[in-house]
Each structure stands twice: as structure tokens, then as C-alpha cells.
Amino acid sequence: MDYKNVSLKKEDGIALITIERPKALNALNYETLKELECLLNSARNDEEIKAVIITGGGEKAFVAGADIAEMSKMTPVEAKKFSEFGQHVFREIELLSKPVIAAVNGFALGGGCELSMACDIRIASKNAKFGQPEVGLGIIPGFSGTQRLPRLVGTSKAKELIFTGDMINAEEAYNIGLVSKVVEQSELINEAKKIAQKIMSKGQLAIKLAKEAINKGIETDIDTGNTIEADAFALCFSTNDQKEGMGAFLEKRTPKFEGK
Ligand code: CAA
């Protein structure tokens, strides 16, 4: 498949996915979402890829939202399909069995903020701006913003952001726990790669199981969550990585994980 609006660069086990629609500040139209879905499939099936970074092309925007020009002509039925498709693609990110880092390099509004929230970890450049401005367009967030924002920052702050449509800067996003690090724009991709490399140096099966346990556990009560955790914990003990990790500790050497 030829990609018009996205690109994937593979380097040292890391897939760098870039959303590139400069004329619309990387806004997500249907075609871009479709291409993103295909790249995620490639990342999933490529065993050499151990971690994914998602960013926006250029220096101004991560993603400025879903494409307003495209949405302006939609019927309710088409809007529902568009919403469900965006939700599906972002859920694929959340369910990817590899860590995904959003490197937010500018405007992350509407669908852009929602894209970043589907990633496991968000880091931002100092010029990044986050927001869910949909109510200003007479609509609500449609790519899971009403669901993920309250889970990440709490209901009260999520309602404030969604009801007012206010944009917040990177520092405030950090203060409310929406991003875990703020760096200079020139350092953003390097920083994302450093985090990815650190994660990749650990037991990959453990990372996969930890991601699953967190994702499933957050949706349930503590007792069910504890069962999910104990099952995943037990599963770790069937892996070579557990034997290597604990053996290396006891032998006072650095572990060599194989993801097996
Ligand atoms: N959709 C389509 N085009 C967009 C866009 C979007 N979300 N965001 C920006 N663009 C286009 C602009 O129309 C403009 O195109 P032209 O040059 O052809 O006029 C170009 O990108 C540059 O944008 P601006 O001239 O507006 O740039 P600016 O620096 O003055 O402002 C901005 C930047 C504050 C991000 C402003 O572009 C903006 O407010 N964009 C819309 C943000 C938004 O409302 N996002 C939510 C969309 S709804 C959504 O996402 C629903 C959902 O949950 C699924």
C-alpha cells in the first residue's frame, strides 16, 4: 500500500510512525486513519519492531483533530461510522502488544489529543498544546475522548476541558498527569527513543503482560484486577526471560532477555 498521509521509519527495533498532512496540520481524515490502521498492522506483525513512537510531521502540530472539512458534510449515519472507525484504530494502538509512545510535538487537539491518549506513554515538547475543542464545533469528542480523558485525569478536570474546549499547554498537561515528560522540541524524538530503548532492554514478555494487566485491570474492580495480575504474574514464570532476569540478578550480571 502507498501511504500519502503517514510514514513508518524502522530503526533499531523502534518504528517511528509520523502523521503527515501538513496542509491540514496533520488532521485525521478517513484516508489517514485507514493508513494508520495499516501501519499498525505492519508494526504488530513485524517481529523486529519492539516499540512504536507516534508523532506529527513538521514543528507545529502533532494532530490538530479529526478533519473538520470532511466531517462538515457527514450525515449522522456517516458520523457514527467515522467515530467507530477512529475508536477502532485507536483501540488497536491501546491493544498493541508492544509499547507505544506519543511524542507530542505541537497541537494535539480533538482527535489528536485522543490519539495521544490511546498511546501507553505521552511525552511533549514545550510548544505542545492539548485540548478537546469539539463543543465549539457543536459536537463532542468522537474518538474516545469522553472515555479516556476522565480515566487519565479524573472526571472533574476532563469535564472542565471538554465543556470549555480550553487548550492547555505542555506544562499544565504535565501538572494534570496527561503527559509524563516535557522536553525541548529538538530533543523530543531522542527522548522518546531513549524511553523506548530503556523499555526494550527489559523482558519483552513482561512488558506485554504488564500492559495487558494494566489495560484490563483499569476497566474492572480491584479483586478482578488482582486476579488478572496474579494470572499474568504466574505466566511470567513460564518464560525464559524470568529465569534469565532472576538468574542474572543472583549472579550479579546484566540480563540478556530474548523475549521468550
Ligand atoms: N481539520 C481540517 N483542517 C484543519 C484542522 C482540522 N482539524 N485544523 C487545522 N486545519 C487546517 C486549517 O483549515 C488551515 O487550512 P488552510 O490553510 O487551507 O486555511 C491549516 O490547517 C492551518 O490552520 P490555521 O490557519 O487555522 O492555523 P493557526 O495556527 O491559525 O491555528 C489551530 C491552529 C489552533 C490548531 C487551528 O487550526 C484550529 O483550531 N484547528 C481546529 C482544531 C479543532 O477544532 N480540532 C478538533 C476537531 S473535531 C474532532 O477532532 C472530533 C473528534 O474527536 C473525532
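Taking the conditions (1) open to solvent by less than 20 Å² (accessible area, probe 1.4 Å); (2) assigned to a strand (DSSP E or B) in turn, Lys9 satisfies each one other than (1). Given the options Lys260, Lys256, Lys252, name the one that is touching a residue at least 40 places away in the same chain (Cβ under 8 Å) and part of a loop (DSSP other than H, G, I, E, B). Result: Lys260 is the single residue among Lys260, Lys256, Lys252 that is touching a residue at least 40 places away in the same chain (Cβ under 8 Å) and part of a loop (DSSP other than H, G, I, E, B). In the set (1) among the hydrophobic types (A, V, I, L, M, F, W, C); (2) within 11 Å of the ligand (Cβ to nearest atom); (3) within 20 Å of Ser97 (Cα to Cα), Phe62 fails one condition alone, (3).
Of all positions in the range 191-202, at least one carries a residue that is open to solvent by 50 Å² or more (accessible area, probe 1.4 Å) and in contact with a strand residue (DSSP E or B) (Cβ under 9 Å, 6 or more places away or on another chain).
Which residues, counting only those in the range 121-157, are more than 9 Å from the ligand (Cβ to nearest atom) and surrounded by 22 or more Cβ atoms within 10 Å (Cβ to Cβ)? Of everything in the range 121-157, those that are more than 9 Å from the ligand (Cβ to nearest atom) and surrounded by 22 or more Cβ atoms within 10 Å (Cβ to Cβ) turn out to be Arg122, Ile123, Ala124, Ser125, Ala128, Phe130, Leu149. Contact annotation: residue pairs with Cβ atoms under 8 Å, 6 or more positions apart or on different chains, pairing a residue in the range 69-81 that is assigned by TED's automatic domain parsing to the domain that holds Lys34 with a partner that is small (Gly, Ala, Ser) and surrounded by 10 or more Cβ atoms within 10 Å (Cβ to Cβ), are Ala69/Ala24; Met71/Ala79; Ala79/Gly142. For beta carbons closer than 8 Å, sequence separation of 6+ or different chains, a first residue in the range 17-30 that is touching a residue at least 24 places away in the same chain (Cβ under 8 Å) and a second that is open to solvent by 20 Å² or more (accessible area, probe 1.4 Å) and of a type in the set (Ser, Thr, Tyr), the qualifying pairs are Ile17/Ser7; Thr18/Ser7; Glu20/Ser7.
Does Ala248 satisfy the condition of being at pLDDT 95 or above and within 20 Å of Ser97 (Cα to Cα)? So Ala248 does not fit the description; no.
Results for (1) touching a Lys or Arg at 6+ places or on another chain (Cβ under 8 Å); (2) free of Cβ contacts under 8 Å to residues at least 12 places away in the same chain, shown as yes or no for each residue.
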{"position": "Tyr174", "(1), (2)": "yes, no"}
{"position": "Gln185", "(1), (2)": "yes, no"}
{"position": "Lys193", "(1), (2)": "no, no"}
{"position": "Ala206", "(1), (2)": "no, no"}
{"position": "Glu219", "(1), (2)": "no, yes"}
{"position": "Asp241", "(1), (2)": "yes, no"}
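Only one entry of Glu48, Glu78, Glu84, Glu94 meets the criterion of being more than 8 Å from the ligand (Cβ to nearest atom), part of a loop (DSSP other than H, G, I, E, B) and open to solvent by 20 Å² or more (accessible area, probe 1.4 Å), and that entry is Glu48.
Here's the yes/no breakdown for (1) in contact with a Phe, Trp or Tyr (Cβ under 8 Å, 6 or more places away or on another chain); (2) more than 30 Å from Gly259 (Cα to Cα):
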| residue | (1), (2) |
| --- | --- |
| Ala27 | no, yes |
| Ala51 | no, no |
| Glu59 | no, yes |
| Val63 | yes, yes |
| Ala66 | yes, yes |
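Per the conditions (1) in contact (Cβ under 8 Å) with a residue 24 or more places away in the chain; (2) part of a helix (DSSP H, G or I); (3) more than 19 Å from the chain's Cα centre (by Cα), the sole criterion not satisfied by Arg151 is (3).
The values are calculated or read from the model by the stated rules, or taken from the named source; none is laboratory data. All values derive from a computational prediction rather than experimental measurement. Glycine also receives a Cβ, built like all others from the backbone with ideal geometry; neighbour counts cover every protein chain displayed. Ligands, DNA and RNA are stripped out before the accessible areas are found, and what is left, the full protein with its side chains, is counted by its heavy atoms. Shrake-Rupley method; radii C 1.70, N 1.55, O 1.52, S 1.80 Å.
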